[in-house]
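Written out below as structure tokens is the structure these notes cover.
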Amino acid sequence: MKILVTGGTGYIGSHTCVQLIEKGWQPVIIDSLVNSKISVLDRIQKITGTRPAFIEGDVRDADLLQKVLTEHAIEAVIHFAGLKAVGESVSMPLKYYDNNVHGSVVLMQAMKQCHVKTLVFSSSATVYGDATVMPLKEDAPTSATNPYGQSKLMVEKIIADLCDSDPSWSITALRYFNPVGAHESGLIGEDPQGVPNNLMPFLAQVAVGRREVLQVYGNDYQTPDGTGVRDYIHVVDLAQGHLSALTHGHGKAGHHIFNLGTGKGNSVLEMLNAFGKASSKELKYKIVARRPGDVAASWADPHKAKSVLNWQARKSIDDMCQDTWRWQSQNPNGYP
Ligand code: NAD
Ligand code: WQD
């Protein structure tokens with residue numbers, strides 16, 4: 001099967017391309033490289049022995065999309081391409097709505113034009129807003145606390161309307177919890193530009209000596225140790241979830257939504273300790289004020305994905321930390 005992977009040189013996209021190739025499917029990547037490096041392709045080739053087809057371009061370019069869908073005889077699309085920095089989305093909302101919402105509309109229009117009607121969309125647990133009842137099931141109320149989250153909710157709504165209007169579409173929105181970790185080879189991983197916004201890449205940069213100290217955003221939450229609790233999921237488990245969604249969705253009409261998480265929450269201090277163990281380093285940290293917009297705790301109810309997709313996360317937080325450390329220590333400055 002030939003799969004168009006938008007954003008395929010990015011963090012989650014690159015790990016998914018590896019899994020697709022290993023399953024014998026053929027990813028065709030389109031990526032503008034706005035947040036990734038072309039050298040990712042060398043690494044995918046090193047892991048799998050296959051270099052995926054790559055087209056440098058933007059998903060808002062309708063003509064390019066139609067050309068790629070047709071010339072490569074694409075059967076299904078996984079849509080990762082998007083911007084994901086929550087803080088930046090607050091200061092530059094139009095950039096986020098244009099990239100994430102408009103980009104998704106242009107993609108679905110091109111797919112319609114070319115009669116490709118199977119899509120897997122990268123959604124996020126951010127669509128549960130500031131929910132406090134855990135674990136989160138797919139039918140929990142949704143809301144947005146920032147333009148990034150709103151862009152994901154808007155695309156989910158557009159998908160629902162599209163599937164209502166034409167039952168020949170099969171679209172699966174996957175709501176990821178907190179993706180972390182790296183491929184076990186240490187050849188691909190997360191490579192944020194500038195100061196990392198997220199916990200795991202920050203910890204990795206402290207361990208490798210690029211940053212001095214982790215700031216822990218608050219220790220006065222109603223959680224066992226007072227620090228924020230999240231459902232961290234290994235990126236390779238997450239990547240496999242996309243293959244399960246494609247296997248389940250291909251040919252099954254309608255709009256499907258699944259949480260991809262482990263169903264377990266871990267605190268900031270638990271992650272710090274696990275990363276210290278994996279890297280054999282003492283990681284400096286200091287407790288600072290809460291980060292505005294953070295919730296105390298968030299974790300998934302992953303049962304729907306298990307029963308319908310026959311998918312479940314298998315890797316532990318020790319696996320996540322060990323694999324992140326292998327990637328970070330082998331590539332202290334990220335991709336060349
Ligand atoms: P990433 O930034 O590493 O990958 C996204 C890729 O899309 C990058 O390679 C970037 O260059 C490309 N891109 C962005 N806009 C584009 C455009 N208009 N046209 C073509 N390419 C474009 O991010 P990621 O962590 O791999 O996330 C992938 C998807 O998953 C995103 O949609 C993100 O919102 C979603 N998501 C990520 C997380 C997370 O914590 N990483 C959690 C939930 C959902
Ligand atoms: C995790 C925990 C922080 C950094 C974000 C997006 C969400 C989704 C996933 C895309 C929290 C604490 C963090 C640091 C810290 N992305 N922390 N010091 O906020 O759960 O989710 O990424 O869809 O939309 O909002 O992840 O990794 O930023 O934070 O103490 O330097 O670590 O307060 O408790 P978050 P995160």
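Every number in this text was worked out from the coordinates using simple rules, so none of it is lab data. Keep in mind that what you see is a predicted model, and the values were worked out from it rather than measured. Note that each Cβ is placed from the backbone with ideal geometry, even for glycine, and that neighbours are counted across all protein chains shown.
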Exercise. Angle between the Cα long axis of helix 235-249 and the longest principal axis of the chain, 0 to 90 degrees, nearest 10?
Worked result: 30
Problem set entry | Two-site FRET efficiency, Asp294 against Leu33, from Cβ-Cβ distance with R₀ of 22 Å, rounded to 0.05 | 0.10
Seminar exercise, completed: Helix 62-71 sits off the longest principal axis of the Cα atoms of the chain, rounded to the nearest 10 on a 0 to 90 degree scale, by 70
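Over all pairs of distinct alpha carbons, what does the Kirkwood formula give as the hydrodynamic radius of the range 223-336, in Å? Don't jump to the answer; show the numbers that get you there.
Details: mean 1/r = 0.0616 Å⁻¹.
About 16.2 Å for the range 223-336.
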For this session: Give the relative contact order (percent, whole number) for the chain; include only Cα pairs under 8 Å separated by 6+ residues.
Result: 19
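For the chain, what is the calculated [θ] at 222 nm in deg cm²/dmol (nearest 500), taking -39500 (n - 2.57) for each run of four or more DSSP H residues and dividing by its residue count?
On the way: 11 runs with 121 residues, N = 336.
Counting only the DSSP helices, I get -11000 deg cm²/dmol.
Once you charge only the Cβ atoms, +1 for Lys and Arg and -1 for Asp and Glu, what is the size of the charge dipole of the range 1-148 about its Cα centre, to the nearest 20 debye?
On the way: 13 positive and 14 negative charges, 61 e Å.
Once rounded to the nearest 20, the dipole reads 300 debye.
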Exercise. Stretched out fully, how many nm does the piece from Gln222 to Lys112 gain, at 0.36 nm a residue minus the Cα gap?
Worked result: 34.9 nm
For this session: Provide, for q = 0.14 Å⁻¹, the log10 of I(q)/I(0) from a solvent-free Debye sum over equal Cα point scatterers in the range 1-87.
Result: -0.42
Exercise. If you build a Gaussian network model of the chain, linking Cα atoms that sit under 10 Å apart, which residue out of Pro179, Pro292, Pro302 swings the most?
Worked result: Pro292
For this session: Could you tell me how many degrees, from 0 to 90 and to the nearest 10, lie between the Cα long axis of helix 147-165 and the main elongation axis, the longest principal axis, of the Cα atoms of the chain?
Result: 30
Seminar exercise, completed: So Lys23 and Ser185, fully extended at 0.36 nm per residue minus their Cα-Cα distance, gain in nm 56.6 nm
Exercise. At Val105 and Asn310, where each label point lies 7 Å from the Cα along Cα→Cβ, what is the point-to-point distance in nanometres?
Worked result: 3.9
Seminar exercise, completed: With no solvent term and unit scatterers on the alpha-carbon positions of the range 112-225, Debye gives log₁₀ I(q)/I(0) at q = 0.14, 0.16 Å⁻¹ of -0.84, -1.00
Exercise. Under a plain spin-label model, where a point goes 7 Å from the Cα along Cα-to-Cβ, how far apart in nm are Arg210 and Glu282?
Worked result: 2.4
Exercise. Using all Cα-Cα distances in the chain, what percent lands in each 20 angstrom bin from 0 up to the longest?
Worked result: 32, 61, 7
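Quick one: pull the percentage of alpha-carbon pairs in the range 194-233 with a separation above 15 Å.
When all Cα pairs of the range 194-233 are counted, 48 percent exceed 15 Å.
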For this session: Report the residue, chosen from Phe54, Phe258, Phe177, that carries the largest GNM mean-square fluctuation when the chain is represented by alpha-carbon nodes joined by springs under 10 Å.
Result: Phe54
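If you place +1 on the Cβ of every Lys and Arg and -1 on the Cβ of every Asp and Glu, how big does the dipole about the Cα centre of the chain come out, in debye to the nearest 20?
For this selection, approximately 420 debye.
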Exercise. Within straight cross-link reach of Lys281, meaning Cα distance under 12 Å, which aspartates and glutamates are found once same-chain residues fewer than 8 apart are removed?
Worked result: none
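How large is the direction-averaged shadow of the alpha-carbon convex hull of the range 165-259, in nm²? Write down the numbers at each step before the final one.
Numbers: hull surface 37.8 nm².
That works out to 9.4 nm², a quarter of the Cα hull's surface.
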Exercise. Considering the chain as a Gaussian network with a 10 Å cut-off on Cα pairs, which listed residue, Glu184, Glu22, Glu71, attains the greatest mean-square fluctuation?
Worked result: Glu71
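By average Cβ neighbour count within 10 Å, what is the ranking of 140-147, 74-81 from highest down? Walk me through the numbers before you get to the answer.
Values: 140-147: 16.2, 74-81: 24.0.
Put in order of decreasing packing, that is 74-81, 140-147.
Fully extended, how many nm does the chain gain between Ser143 and Ala131 (0.36 nm per residue separation, minus their Cα-Cα distance)? Spell out each step's value before the answer.
Details: separation 12, 0.36 × 12 = 4.32 nm, distance 0.86 nm.
Length difference between fully extended and current span is 3.5 nm.
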Problem set entry | the range 115-138 versus the range 265-306: alpha-carbon centroid distance in Å | 21
